Amino acid sequence: MLLAGLALGIALLVPFFYFVHRSPALQPQPLPSVQGISNGGKINVLLVVAHPDDESMFFGPTLLSLAQLGVYNIRALCFSTGNADGLGSVRKSEMATACSVLKIPTENVDVVDHPALQDGFSSLWDQTVIVNLLRKTVEDHNVQVILTFDSHGISGHPNHRAVHSGVRAFLLEGGKPTESKRSSVQVWELVSFLHPSLHCLIH
C-alpha cells in the first residue's frame with residue numbers, strides 16, 4: 001500500500017521535469033502514435049533506469065499516463081539492484097511491486113545484477129556492458145521507444161548519468177544490427193528542469 005500510495009502521489013505532483021526529443025524546433029513532442037505496428041498494434045516502450053525506485057521517483061506520472069492510453073506495451077530495464085546499502089534483494093522486490101502499480105507487468109521488469117554495474121556514487125559503470133545489455137533487450141522485444149535520463153541524470157547521480165551515456169552510445173556506436181534499424185529507435189530524455197543541460201538531447 002505504501003508503494004502504491006507513493007507512485008500515485010508522485011503522479012499528482014506538479015511536474016518539474018518533462019520529456020524532450022530532438023525536433024527541428026527543439027521543442028517537446030508527443031510520443032509516436034500507434035499505426036498498426038507490432039504487439040497487436042501497440043508501441044513497445046522501454047524504460048531504462050539505474051536503480052529500483054527510479055521508476056517511481058522520476059518516471060511515475062509518465063508511466064501511468066502511457067498506461068492509461070492503452071496503446072503502449074511498457075517494459076522496464078534497471079541496470080542494478082541498488083545494493084549500495086546491502087538491500088538489493090529488497091529493492092528489487094519493491095521495484096516489481098511498484099511497477100505493478102504503474103501498470104507494468106512483472107514479467108516485463110528486468111533488474112540486472114552485474115559486477116560491472118554496482119550501485120554507488122563511486123562506482124564507474126562499464127559503458128560496453130550497458131550497450132550490450134540494452135542491445136539485447138531492444139532486439140529481443142522489438143523496442144521502438146526508450147525513456148531514460150538526460151545527461152545530468154535528474155539528481156546528478158553518477159549511475160544515472162552512466163545510463164544516459166550508455167543509451168547514447170547504443171544509438172551512436174551501433175546499438176542495432178543495421179543503421180536503418182538503429183535509427184528507428186526513438187529515445188526520449190527526462191530533462192533535469194532546474195539544470196542548464198537542457199540542450200543536451202539524445203538524437
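Here is a yes/no grid of residues against (1) out of contact with any Ser or Thr (no Cβ under 7 Å at 6 or more places or on another chain); (2) surrounded by fewer than 22 Cβ atoms within 10 Å (Cβ to Cβ); (3) of a type in the set (Val, Ile, Thr):
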{"residue": "Val71", "(1), (2), (3)": "yes, yes, yes"}
{"residue": "Ile74", "(1), (2), (3)": "yes, no, yes"}
{"residue": "Gly82", "(1), (2), (3)": "yes, no, no"}
{"residue": "Glu107", "(1), (2), (3)": "yes, yes, no"}
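When the criteria are applied in full, Val131 fails the requirement of being at pLDDT below 95, surrounded by fewer than 22 Cβ atoms within 10 Å (Cβ to Cβ) and within 19 Å of Trp188 (Cα to Cα).
Does Val112 qualify as being modelled with pLDDT under 95, within 21 Å of Ser56 (Cα to Cα) and within 17 Å of the chain's Cα centre (by Cα)? No: the conditions fail for Val112.
Only residues that are modelled with pLDDT under 95 and farther than 23 Å from Pro115 by Cβ were counted across the stretch 64-100, and they come to 9. Scanning the stretch 75-111 for residues that are in contact with a helix residue (DSSP H, G or I) (Cβ under 6 Å, 6 or more places away or on another chain) and of a type in the set (A, V, I, L, M) yields Ala76, Leu77, Ala96, Ala98, Val101, Leu102, Val109, Val111. Each residue in the stretch 40-87 was checked for being within 27 Å of Gly120 (Cα to Cα), in contact with a Lys or Arg (Cβ under 8 Å, 6 or more places away or on another chain) and assigned to a helix (DSSP H, G or I), and 1 of them qualify. In this structure, does Val145 turn out to be among the hydrophobic types (A, V, I, L, M, F, W, C), surrounded by fewer than 22 Cβ atoms within 10 Å (Cβ to Cβ) and under 21 Å from Glu189 (Cα atoms)? For Val145, the condition - among the hydrophobic types (A, V, I, L, M, F, W, C), surrounded by fewer than 22 Cβ atoms within 10 Å (Cβ to Cβ) and under 21 Å from Glu189 (Cα atoms) - is met.
The values are calculated or read from the model by the stated rules, or taken from the named source; none is laboratory data. Source: prediction; values computed, not measured. With ideal geometry, Cβ positions are generated from the backbone for all residues, glycine too; neighbour counts draw on all protein chains shown.
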